[in-house]
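The values are calculated or read from the model by the stated rules, or taken from the named source; none is laboratory data. Predicted model, so just to flag it, every value in this text is computed and none were measured. Here the Cβ positions follow ideal geometry from the backbone for every residue, glycine too, while neighbour counts run over all protein chains shown. Note: areas computed on protein heavy atoms with side chains; ligands, DNA, RNA excluded. Shrake-Rupley method; radii C 1.70, N 1.55, O 1.52, S 1.80 Å.
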Amino acid sequence: MLLEFKKYEVKRIVHPEQVHMLITQVIADMQPWDRDKECVFVIGLTRAHTIKYLDLVSMGGLNSTIAEPREVFRHAIHHAAYSIMIAHNHPSQNVHPSESDRAITKVLSDSGKILCI
């Protein structure tokens with residue numbers, strides 16, 4: 001689901017902290033009952049690192065969600081994104097990636113290499 005990103009402060013991403021700030025703002029704007037769900041977001045970028053789109057790819061439960069490569073890269077291809085950034089929250093506030101986080105990161109990285117995104 002494409003989200004309205006233009007209302008947020010971050011327009012261009014040059015530091016990882018900006019991704020954190022953007023996603024924190026987006027989650028704060030979600031319905032209260034959805035804030036405790038794990039979500040996967042994709043930020044499509046131009047070559048100059050300005051945001052082309054913000055996509056809520058998946059919303060799961062309290063401790064898991066699914067990020068399939070076809071869903072992650074669908075809007076990147078459609079909107080001719082130069083690159084993408086993928087972010088997801090851990091409602092538990094645990095900042096350490098799980099083994100499944102590491103596994104899907106590899107799958108998505110390999111997929112992006114094939115697509116040259």
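Here are some notes:
- Subset of the stretch 103-117 that is β-branched (Val, Ile, Thr) and within 14 Å of the chain's Cα centre (by Cα) - its residue that is surrounded by the fewest Cβ atoms within 10 Å (Cβ to Cβ): Thr105
- Selection over the stretch 1-39 of residues that are loosely packed, with under 15 Cβ neighbours inside 10 Å, without any contact (Cβ under 8 Å) to a residue 12 or more places away in the chain and hydrophobic (A, V, I, L, M, F, W, C) gives a count of 2.
- Residues that are open to solvent by 20 Å² or more (accessible area, probe 1.4 Å), assigned to a loop (DSSP other than H, G, I, E, B), closer than 25 Å to Arg102 by Cα and not hydroxyl-bearing (Ser, Thr, Tyr), drawn from the stretch 44-67: His49, Gly60, Gly61, Leu62, Asn63, Ile66
- Within the stretch 74-81, one or more residues are farther than 22 Å from Arg102 by Cα, part of a helix (DSSP H, G or I) and open to solvent by 90 Å² or more (accessible area, probe 1.4 Å).
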